[in-house]
Each structure stands twice: as structure tokens, then as C-alpha cells.
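These notes are about the structure you will find just below.
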Amino acid sequence: MECKVLVADDEQAIVSAIAYALSREGFQVETAADGEEALRKVESFHPHVLVLDVMMPKLSGYDVCRKLQDRKDITILLLTVKNDIVDKLVGLELGADDYMTKPFDLREVVARVKALCRRLEKNTTNLQKDTVVIGALQLHLEQRTVLSHHKEIVLTPKEFDLLALLLTNLKRVFTREDLLDLVWGMDYEGGTRTVDIHIQRLRAKLGSDHQHLLQTVYGVGYKAVGDST
């Protein structure tokens, strides 16, 4: 996994130093100067690790942690000048994964970030058998849920089964008859038009962000491709 890191701090010298140290180690790095910009960059850059200062304008690091509490795809390293155990516990309870006080050694920051990347990669590997991720789309097979940009798309059981079959067999072309047999069962008495209707509904629910995900193979059937944005 190529680890992406977002560094958010209103002290430009600190941001530049951390970003430089991480870039030298091969990380993709973006920066933010306040809490609001950090949240915007989370949505546009999709970092794996967020190095986050507690005391920032507009939104504090604690506020940012609170807004990202439900995100399992990001790990957070908090930075602060405070050394009080209460402040540390507040950050950890709000979802931070690690905590460092200023001043710090850049080598330790890099080591902590590497550790957070390894932790996230391990967790991701454990979830891979249950989760299909294509761009901003996540399909969770066990929970039978579909998320786009972390917001759930509500599907009927057959819509989910059809989408799951296509996404777990990327680029494989299925005839309409194949899909009827595999999703609806051999004994289903409806025609192949049922497949077309469900594909249309899926495309409408997935929206423009994933408009190229389900493709028609003219004269044959359908396939899913992995170029969704």
C-alpha cells in the first residue's frame, strides 16, 4: 500500500519540516493550515494517515477528530504542546490513534507514521475478503451494504446480489441468461428484461460518480470495470 499522509498544522515551519521528512521516505504528502482545510483535503486527497495539530484556527484538532470518528480508513497522529494526561486521553477517546508532544524529533514522527501505515495496511488486509473497494465505492459482502464516499446506497436484495456478482468478477462478461441463473436462480420464470431493469436501477442509484462502473457489452450482456472515480 502506497501510504498517503496529510499534515495539518497552522505553523508553516512545522508543516514544511514534517512534509519534507515524510516525502524523503517515499510518502505522498499534502498539507493543510487549519481544521476546515484539513477536512476538505481528507475528502479530496483520501489520506491514510492524518498528522494533526490540536491547536488550529477554524476547527481544532479535537474537532477534526470528532468529525472523523466513524472513518475506519484513516489513522490519526495528534500533535500538541500540551503534556497533560487529560489532553492525551481526550484525543484518544475522540478517535486519535497516537499522540506526540512538541517539540519532537522528526525521525520519531516518521517512525510513528510508518507504524500507523503498517497498522492500517494490516487491518485493510483482514477486511479484503469481505470488502470490495473501487474508487470511492465500497461493497461489504457480509453486511450486505454499499457505500459511496462513505454514504450508504440503499439497494434491494436482488440489486445487491447483482452488483456483488459483477464487482467480485471485474471485467468478466456475463450474458443476461448467466445473470438470471446466478442471481435469480434456474427456476426463475421472468425474462431477461428483468436483468436490464435491475442494471438501469443500479446505475441510477450509483449515480454519476460511478457511471462507467457497469458496462453493457452489446449483443452479449454486462460487465463491471474498475475505473470508477
message = Loop-only GluC sites (Glu not before Pro) in region 54-144, please: DSSP not H, G, I, E or B, and at most 11 other Cβ atoms within 10 Å.
response = Glu142
remark   = Isolated cysteines for the chain, Cβ-Cβ cutoff 4.7 Å, are Cys65
Radius of gyration and maximum dimension Dmax of the chain, Cα, Å = 21.9, 71
request  = Over every pair of different alpha-carbon atoms in region 131-224, take the mean of 1/r and invert it; report that Kirkwood radius in Å.
outcome  = 13.4 Å
task = Provide the FRET efficiency to the nearest 0.05 for the Leu170-Arg193 pair, computing r from the beta carbons and using R0 = 25 Å.
result = 0.50
query = About the Cα centre of the chain, what is the dipole size in debye to 20, counting +1 per Lys and Arg Cβ and -1 per Asp and Glu Cβ, all else neutral?
reply = 340 debye
task = Mind checking region 53-108 for chymotrypsin sites (Phe, Trp or Tyr not before Pro) that DSSP puts in a loop (not H, G, I, E or B) and that have at most 13 other Cβ atoms within 10 Å?
result = Phe104
query = To the nearest 10 degrees, how steep is helix 106-127 against the longest Cα principal axis of the chain, on a 0 to 90 scale?
reply = 20 degrees
request  = Mind pulling the angle between the C-alpha long axis of helix 35-45 and the longest principal axis of the chain? Nearest 10 degrees, somewhere in 0 to 90.
outcome  = 40 degrees
Taking only Cα atoms of region 1-83, radius of gyration then Dmax in Å = 11.7, 33
ask   = Under 20 Å Cα-Cα from Lys72, which lysines qualify once same-chain neighbours fewer than 8 residues away are excluded?
value = Lys4, Lys41, Lys114, Lys122, Lys129, Lys151
ask   = Which value, in debye to the nearest 20, gives the size of the charge dipole of region 135-229 about its Cα centre, when Lys and Arg are +1 and Asp and Glu are -1 at the Cβ?
value = 280 debye
note = Measuring from its Cα centre, region 64-166 shows a charge dipole (+1 at each Lys and Arg Cβ, -1 at each Asp and Glu Cβ) which, in debye to the nearest 20, is 220 debye
ask   = Where does helix 193-206 land angle-wise versus the long Cα axis of the chain, in degrees 0 to 90, nearest 10?
value = 20 degrees
Mean Cα-pair separation over length for the chain, i.e. relative contact order, pairs under 8 Å, 6 or more apart, % = 13 percent
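Taken together, the values in this text are just the output of simple stated rules run on the coordinates, not laboratory data. From a predicted model like this one, the values you see are computed outputs, not experimental measurements. Reconstructed Cβ throughout: ideal geometry from the backbone, glycine too, with neighbour counts over all protein chains shown.
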